[in-house]
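First up is the structure itself, then whatever we jot down about it.
Computed from the coordinates by the stated procedures, all read-outs in this text should not be read as laboratory data. Just so it is clear, the model here is predicted, and its values are computed rather than measured. Because the Cβ atoms are built from the backbone with ideal geometry, glycine has one as well, and the counts that use them run over all protein chains shown.
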Amino acid sequence: MAGFPNYRYISDPQELMSILKNRSELNKAMVWQTLGSRRDIYHIDRIDVIDGRVLLQTTGAFDFMYFSPVYFYIDHRNLIFKLNETDIKVHKNILVLNLPKVAKCLEDRIHPRFQFPQDSIKVSLKSLSGQVTNYATGSFCDISKFGFSIYWPSKQKDFFKKFHYFKMVKINSKETNVPADFSVAHVSPTSDSRLVKVGFSSDSVFLENFQAQLFGSL
């Protein structure tokens, strides 16, 4: 398996607001718009969050064209917003933004994640939370040192509650005995609206301790 860029989509408005309010220095923050073969880039001097809106102050007057999306980047958690004309108002070098519903977060990780081709490997999980024992089977999305994620139908995303615990019981219909318990870390949108990405984490060093058993089940 080969590593791939670590990112996820954020749809929780509270998480987005927290990232914006706790941003790092703005030496790399910028906003840009691609117009044909030209990309107009403006550096950001200041960011304020007021009444659920984001105010950006750029180094120069922003010449916004309403037929093309605008992208906004800050170096704190490498957050990227995609903005449409309904999300933004411009007055010289001040941009007023409605908080987008989804943002892409490029994350610097100590431990890399590895991606699986969609629908290539099925994993079955047993719920350890709640009164009734439930099972779920989804396709591996990626795997890391301390956890993994699966693709799951968007219409059934409420099955996975944050911090609920699951145990891995089967891989490709073959029983496996990985003793680690995995809590639901996040449920994030994907580029396919029919699917969400459900991330699970463990206190165990999952990939190193159980990789022989895991990949022996494939």
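For the stretch 7-106, report the translational diffusion coefficient in µm²/s to the nearest whole number, using Stokes-Einstein at 10 °C, 1.306 mPa s, and a Kirkwood Rh over Cα pairs.
Calculated translational D: 117 µm²/s.
Rank Val90, Leu35, Phe64 by how far each Cα sits towards the positive end of the charge dipole of the stretch 7-106 (+1 on Lys, Arg Cβ; -1 on Asp, Glu Cβ) and give me just the farthest.
Value: Leu35.
Quote the Stokes-Einstein diffusion coefficient, in whole µm² s⁻¹, for the stretch 114-216, based on the Kirkwood radius over alpha carbon pairs, a temperature of 20 °C and a viscosity of 1.002 mPa s.
Estimated via Stokes-Einstein, D reaches 157 µm²/s.
If the only charges are +1 at each Lys and Arg Cβ and -1 at each Asp and Glu Cβ, what is the size of the charge dipole of the stretch 114-216 around the Cα centre, to the nearest 20 debye?
280
So what are the stretch 134-177's ellipsoid semi-axes, whole angstrom, largest first, if each one is the square root of 5 times an eigenvalue of the alpha-carbon gyration tensor? Please report the intermediate quantities before stating the final value.
Details: eigenvalues 60, 35, 28 Å².
Listed largest to smallest, the semi-axes of the stretch 134-177 are 17, 13, 12 Å.
Between the DSSP loop rule and a limit of at most 13 other Cβ atoms within 10 Å, which chymotrypsin sites (Phe, Trp or Tyr not before Pro) in the stretch 119-187 are left?
Numbers: sites: Tyr135, Phe140, Phe146, Phe148, Tyr151, Phe159, Phe160, Phe163, Tyr165, Phe166, Phe182; in loops: Phe146, Phe160, Phe163.
Sites meeting the loop and neighbour criteria: Phe163.
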